[in-house]
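This report refers to the structure that appears directly beneath it.
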Amino acid sequence: MKLRIHRFLPVTNVEGPGKRACVWVQGCSRHCPGCAAQPTWNKDKGIEIDVRELAQKILNGPEVEGITFVGGEPFEQAEALSELALLLKRKNLSIVTFTGYSLEELQESTNDGIKDLISLTDILIDGPYLQERKDLSRPWVGSSNQRYHFLTDRYKHIKDNICETKNQIEIRMDSMGKILINGMGDFNAIKGLFEV
Ligand code: SF4
């Protein structure tokens, strides 16, 4: 099965608990005002990758405790992501999934891929970015409406003290000299750092 992705990082420290691989999927039809991930909206952009190949790349890559799915909208490619999640979960990797939908909306769906992805996810972070509720005080999220759902016991040790984890960003430069930023922070302020 193929997955259309925007970006893949084999290891990051700022996209969920611990060291994680991270996949930004390509395609989101929600188009929330103020979304910082607009380059991920167009479902025809990005690159297609075979799910099994990606799973092998992750398992053969740097040591990580899990993977994070972010977007774009992960549940618009739920079938492919649930296949990837299953392959990784069999190797004891944890799954963190972001979504612009609410958990309740997703639970109403009869789509098998959506049901499978929910059942394989350890932490689901739901709700779209709402610019009028911008709040960077909690880890990994940008607005106060977004919720953390601990769907398994895997991360129950951080459930009651999650706000002790601070938002962080990582800045990388690719081989073409392009600056790549991930994590959560005030992206406009960050962009200003690179203006001359
Ligand atoms: S759901 Fe998420 S990725 Fe999609 S437009 Fe809204 S904030 Fe952006």
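Coordinate-derived values only; no laboratory data. Owing to the predicted nature of the structure, the values given are computational and were not obtained by experimental measurement. Ideal geometry is used to build each Cβ from the backbone, glycine not excepted, and the neighbour counts take in all protein chains shown.
Quick notes on this one:
- Calculated FRET value between Asp186 and Arg90, using beta carbons and R₀ = 45 Å, to 0.05: 0.70
- In the stretch 125-196, the convex hull through the Cα atoms has an average projected area of 6.6 nm², a quarter of its surface area.
- All aspartates and glutamates inside 16 Å of Lys178 as judged from Cα atoms, apart from same-chain residues fewer than 8 positions distant: Glu170, Glu195
- Among the listed pairs Lys2/Lys45; Lys19/Lys43; Lys45/Lys115, those with a Cα-Cα distance over 21 Å are Lys19/Lys43; Lys45/Lys115.
- Cross-link reach list, lysines versus Lys134, counting only Cα pairs under 16 Å and skipping chain neighbours closer than eight places: Lys166
- Net +/- balance of residues flanking Lys2 in space, Cβ distance below 13 Å, scoring K and R +1, D and E -1: -2
- Ordering of 75-88, 23-36, 175-188 by packing [mean C-beta count within 10 Å, highest first]: 75-88, 23-36, 175-188
- The alpha-carbon positions of the stretch 3-50 define a convex hull whose volume is 86 Å³ per residue.
- Equivalent-ellipsoid semi-axes for the chain (Cα gyration tensor, √(5λ), whole Å, largest first): 23, 20, 18.
- Using just its DSSP H runs of length 4 or more, each adding -39500 (n - 2.57), the chain gives a mean residue ellipticity at 222 nm of -6000 deg cm²/dmol after division by all residues.
- Neighbourhood net charge (15 Å Cβ-Cβ; Lys/Arg +1, Asp/Glu -1) for Leu130: +2
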